[in-house]
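Read the figures in this text as sums done on the coordinates, not as results from a lab. For clarity, every value in this text was computed on a predicted model and none was experimentally measured. Heads up, the Cβs are rebuilt from the backbone with ideal geometry, glycines too, and the neighbour counts pull from every protein chain shown.
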Amino acid sequence: MRELETITEYNDAGVTLWSLRYPGAFARGETADAAARKLPAACRRYRLWAKLPTEADAAGEEQVRCTRKIKVDAPVEEGFTTALFPEEKLALDMPQYTSLKTLCLMSARDLEALFASIPQKDRALLKSRRTVYGKVPVTAREMLSHVIEAQRTCAALFGVDVGESRGLLADRKRLFAGLERQPGYLDGRIVPGPDGELWTLRKLLRRLLWHDALHGRALYRKAITFWQKERIKNPFGFTK
């Protein structure tokens, strides 16, 4: 039986479990047990998408083991996250960075491919609602625009101006190019956000993968209720 080491991010209303082995792989629930039941499937999907070895899939059920818990003020139950993991304060070496960069670029490309397959990009797919952070995007175009704008905000935190948007993947390439021009960009420096949230490069890479998957999953699951499943591209390997 394989163990999935996780970090638990929680508040009084919800829990997100994060896989330490697979940056960006996560599961949410009202309780840690509820999230733990979902995490093995999320990690299997991630391994298949990232073309990682899948021997563990045939080795039986995976056991979730929490290594630490981090309580946050963010509304975790609404899908938000602010935690900085202790492991994310460590410097990256070039092979680690290159591997994560490749995944982040592939993720942006795949989200754009999913978006392009949506027949009516301005059709409301979700009910309109608001959270403490504002209006939830409800159309395919709004979802992609939200991911692009969030990426722009993250880039600015790290001193990178991506300029006028040319699309998610093009902007992400410019984000990485800007990071790579900075001396010591792999050294694990902590970057404070204007709201007090702390960031590092490792956290940025995890959050890019997470945000793509979060909105890609919502987009795919809603789209296949409006149009034939065969019409909607699913490069991430999402299930209903």
Contour minus Cα-Cα distance for Ala13 and Arg130 (0.36 nm per residue) | 40.4 nm
Projected onto the charge dipole of the stretch 159-208 (unit charges on the beta-carbon of Lys, Arg, Asp and Glu, signs +1, +1, -1, -1), the Cα from Leu208, Gly178, Gly196 with the largest positive-side position is that of Leu208
Distance in nm between label sites at Glu164 and Thr225, each 7 Å beyond Cα in the beta-carbon direction?
-> 3.8 nm
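Please report the antiparallel percentage of the DSSP beta bridges confined to the chain, to the nearest 5. Before the final figure, lay out each step's value.
Details: 14 of 22 bridges.
Approximately 65 percent, going by the DSSP bridge assignments.
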With Rg from the Cα atoms and Rh as the Kirkwood inverse mean 1/r over Cα pairs, the stretch 1-156 has an Rg/Rh of 0.97
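Using only Cα atoms, what is the ratio of the radius of gyration of the stretch 136-221 to 2.2 N^0.38 Å?
Working: Rg = 13.4 Å, N = 86, 2.2 N^0.38 = 12.0 Å.
For the stretch 136-221, the normalised Cα radius of gyration comes out at 1.12.
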Loop only per DSSP, at most 11 neighbouring Cβ atoms within 10 Å: give me the trypsin sites (Lys or Arg not before Pro) in the stretch 1-97, ordered by residue number.
-> Lys51
Counting Lys and Arg as +1 and Asp and Glu as -1, each charge on the Cβ, what is the dipole of the stretch 84-240 about the Cα centre in debye, to the nearest 20?
-> 740 debye
Extension reserve of the Asp73-Thr31 stretch, reckoned as 0.36 nm per residue once the Cα distance is removed | 13.5 nm
Gap in Å between the Cα centre of the stretch 109-186 and the Cα centre of the stretch 190-235?
-> 9 Å
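Work out, step by step, the length gained on full extension between Arg189 and Glu149: first 0.36 nm times the residue separation, then minus their alpha carbon distance; give nm to one decimal.
Details: separation 40, 0.36 × 40 = 14.40 nm, distance 2.34 nm.
So the extension gain works out to 12.1 nm.
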Across the chain, where is the longest run that never hits GluC sites (Glu not before Pro) in a DSSP loop with at most 12 other C-beta atoms within 10 Å?
-> 62-163
Give a residue-ordered list of calculated ³J(HN,Hα) values for the stretch 77-82 (Karplus: 6.51 cos²θ - 1.76 cosθ + 1.60, θ = phi - 60°; whole Hz; x for Gly, Pro).
-> 5, 9, x, 9, 8, 9
In debye to the nearest 20, the charge dipole size for the stretch 136-177, taken about the Cα centre with +1 at each Lys and Arg Cβ and -1 at each Asp and Glu Cβ, equals 160 debye
